[in-house]
Amino acid sequence: MADVVDGPFCRTRGSRSAMIFHSLAYLGFFLAVWSAYWCLPRRGQGALLIGASLYFYGCVHLWFLIPFAITMLVDFSVGVGIEKMPRRKRLLLGVSVVSNLSLLGFFKYWDFFAGNFNAVLATVGLDLPLPLLQVILPVGISFYTFQSLGYVIDVYRGDLPACRRLDDFTVFVSFFPQLVAGPIDRHGRLLKQVQATRHFDFSAVPSILTLGIWGYFKKLVIADNAGLIADKVFAHAAPTPLLLLAGVLAFTVQIFADFSAYTDIARASARLLGFDLIQNFNHPWLSKSPSDFWRRWHISLSSWFRDYVYIPLGGSRAGLARQVFNILITFFISGLWHGAAWNFILWGLYWGALIAIERIWNARQMPGIPSLVSIPLTFALSVFGWLLFREHDLSYLASHVTRFSSAIPAAEHAAALHLIAQISLYSLPIWAHGAWDAIAKRIAIPAVLVFCLQSAVSVVLVGGIMILRSERTGDFIYFQF
């Protein structure tokens, strides 16, 4: 799933992204940018960020800058055009939508649709295959496409004014901490910060460093170690149900730790440059229902689909049947956004069905479920969802789910229990972080004590990275989307 990195901060063979966050290259790059950044006025800071962001993204593959530049220039021009020619704003919106979705569709979905189209033709005896192009997917195209398209829709609706400076808009779309894997920030939040004068807040440094170190710990210690377990289990030709459970739990821990780690490092990097990116996760393991899960997981994407897909379809304004339809369509698109494969579509529909059932349950005024039951139940439902997400081969997935054996070798049973215990240990810091945040929301903690705790935690986390880091690390999982 990921390219191999030899050591905690060194990227070598098979590299797809030359400056992933947990590399010495990125740390050196960021230190150089940060040092020069605060010596410049706002316009100079913007120019530096543009150059740094294009260099950062171009280090992956230089030609990735071509579709990125097309998206940025088209949407900037469309935004200005909508304000200058309001009578043609629907046409201009169509230009943006067609341009964005055509680029995304070509790079991400052409081979998927062509392959399925060819399979359908073959079943009726026709041999007119569409070519499979096998183009490389530009890293982050799904993220920056949605961020830029969301801007155009906001301008079209009249919610916010169009950006009239290309340099400001370029910073908004290309800002390197969140360019590759989000969070997908909005015109009303990030662009306003781009256009404002920024000042460095020295008092925020302890919390920023703690956030960044926590992100590195989650990636290098929790996610990468959990990923080793998941990879071993899913490479097994015929895992027992208990061993499969161990693998799915490992992947559950891996994908949350991995993705939230990226977001934490991105937010810490942005805050050191004077920007506040949107929070993307809010302890999703503590969710009390499927809809609560999506209010806590990948918040920037789920809110994007809510505002630009679900609500325009009619949202919750129509009858119950139409609400269910809107939910299923929204989650179908969400699943497809994650990847050009049937398992992602199935995963999206699975979550759509869960939320539709919840909506029907509430509409029928059925009794509520106590938190002591709803939280473990929602977690279990999410774990099964990650099985659909992780396994691309649907026939292999079906054989896993339906395979029950009464005669499980004792050695395999013991190995599965050992892996479950191991992954439970890796998950403990995440549970502890959730507990700490819950306490901090209810109790006023003195600033001095917070500083001391942040310092102590940072020291412990750095020690943990040095001692417990995985021998193998790689790209963040969401780079593939």
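FRET efficiency for the pair Leu27 and His61, taken as 1/(1 + (r/R0)^6) with r the Cβ-Cβ distance and R0 = 25 Å, rounds to 0.70. Take each peptide in 288-299, 180-191, count the other Cβ atoms within 10 Å of every residue, and average; sorted highest first, the result is 180-191, 288-299.
Computed per residue of the chain from DSSP H runs no shorter than four, each worth -39500 (n - 2.57), the mean residue ellipticity at 222 nm is -21000 deg cm²/dmol. Scanning residues 5 or more positions from Val60 or on other chains, those with amide H under 5 Å from its amide H are Ala18, with H placed 1.01 Å from N in the peptide plane.
Couplings for the range 110-117, taken from phi via the Karplus curve 6.51 cos²θ - 1.76 cosθ + 1.60 with θ = phi - 60°, read 4, 5, 5, 5, 5, x, 5, 5 Hz in order; Gly and Pro are left as x.
The 3J(HN,Hα) values that the Karplus relation (6.51, -1.76, 1.60; θ = phi - 60°) gives for the range 409-417 are, in residue order, x, 4, 5, 5, 4, 5, 5, 5, 4 Hz. Gly and Pro appear as x. Derived scalar couplings between HN and Hα for the range 441-454 equal 6, 9, 10, 6, 9, x, 4, 5, 5, 4, 4, 5, 5, 4 Hz in order, rounded to whole Hz, by the Karplus curve 6.51 cos²θ - 1.76 cosθ + 1.60 (θ = phi - 60°), x for Gly and Pro.
Only Cα pairs under 8 Å and 6+ residues apart enter the sum, and on that basis the relative contact order of the chain stands at 21 percent.
Fully extending the segment from Val383 to Asp167, taken as 0.36 nm per residue of separation minus the present Cα-Cα distance, adds 73.4 nm.
The calculated FRET efficiency for the pair Arg364 and Ala321, based on their C-beta separation and a Förster distance of 22 Å, comes to about 0.95. Taking R0 as 51 Å, what FRET efficiency do you get between Ile439 and Leu128 from their Cβ-Cβ distance, rounded to the nearest 0.05? Efficiency, rounded to the nearest 0.05: 0.20. Of all aspartates and glutamates in the structure, those lying under 14 Å Cα to Cα from Lys218, and not within fewer than 8 positions of it along the same chain, are Asp258, Asp264, Asp475.
Residues in the chain average 45 Å² of solvent-accessible surface per residue, probe 1.4 Å, ligands and nucleic acids excluded. For Leu149, the accessible surface of its heavy atoms amounts to roughly 10 Å² (probe 1.4 Å, protein chains only, rounded to the nearest 10). Solvent-accessible area of the range 35-171 (1.4 angstrom probe, protein heavy atoms only): carbon and sulfur portion equals 69 percent. Ordering Tyr478, Tyr55, Tyr350 by accessible surface, largest first, gives Tyr55, Tyr350, Tyr478; the 1.4 Å probe counts only protein heavy atoms, with every chain in place. Only lysines eight or more places from Lys288 in sequence, or on another chain, were considered; those with a Cα closer than 23 Å are Lys441.
Per-residue SASA remark: Phe476, around 10 Å² accessible (1.4 Å probe; ligands, DNA and RNA not included). Once you order the gyration tensor axes a ≥ b ≥ c over the Cα atoms, which shape class does the chain get: rounded for a/c under 1.5, otherwise prolate or oblate by comparing a/b with b/c? It is rounded, given that a/c, with a ≥ b ≥ c, falls under 1.5. Contact order for the range 121-279, expressed relative to its length and based on alpha carbon pairs under 8 Å spaced 6+ residues apart, stands at 26 percent.
Spin-label model, Ala47/Arg157: points 7 Å from Cα along the beta carbon direction are separated by 3.6 nm. Extension gain for Leu468-His236 works out to 81.0 nm (0.36 nm per residue, less the C-alpha to C-alpha distance). Amide H to amide H, with H built 1.01 Å from N, Thr473 comes under 5 Å of Val5, Gly7, counting only residues 5 or more places away or on other chains. Spin-label pair Val97-Phe117: with each label point 7 Å from Cα along the Cα-Cβ axis, the two points sit 2.1 nm from one another. Against the criterion of solvent-accessible heavy-atom surface with a 1.4 angstrom probe, Arg390, Arg165, Arg87 sort, most first, into Arg87, Arg165, Arg390. Residue separation of Glu83 and Leu453 scaled by 0.36 nm, minus their Cα-Cα distance, works out to 128.2 nm of gained length.
Straight Cα distances below 15 angstrom link Lys232 to the aspartates and glutamates Asp224, Glu391, Glu412, Glu471, with same-chain residues fewer than 8 positions distant left out. Remark: relative contact order (the range 241-313) = 18 percent; criterion is Cα-Cα distance under 8 angstrom and separation of 6 or more residues.
The values are calculated or read from the model by the stated rules, or taken from the named source; none is laboratory data. Computed from a predicted structure; not experimentally measured. Note that each Cβ is placed from the backbone with ideal geometry, even for glycine, and that neighbours are counted across all protein chains shown. For accessibility, only protein heavy atoms count, side chains too; no ligands or nucleic acids. Shrake-Rupley method; radii C 1.70, N 1.55, O 1.52, S 1.80 Å.
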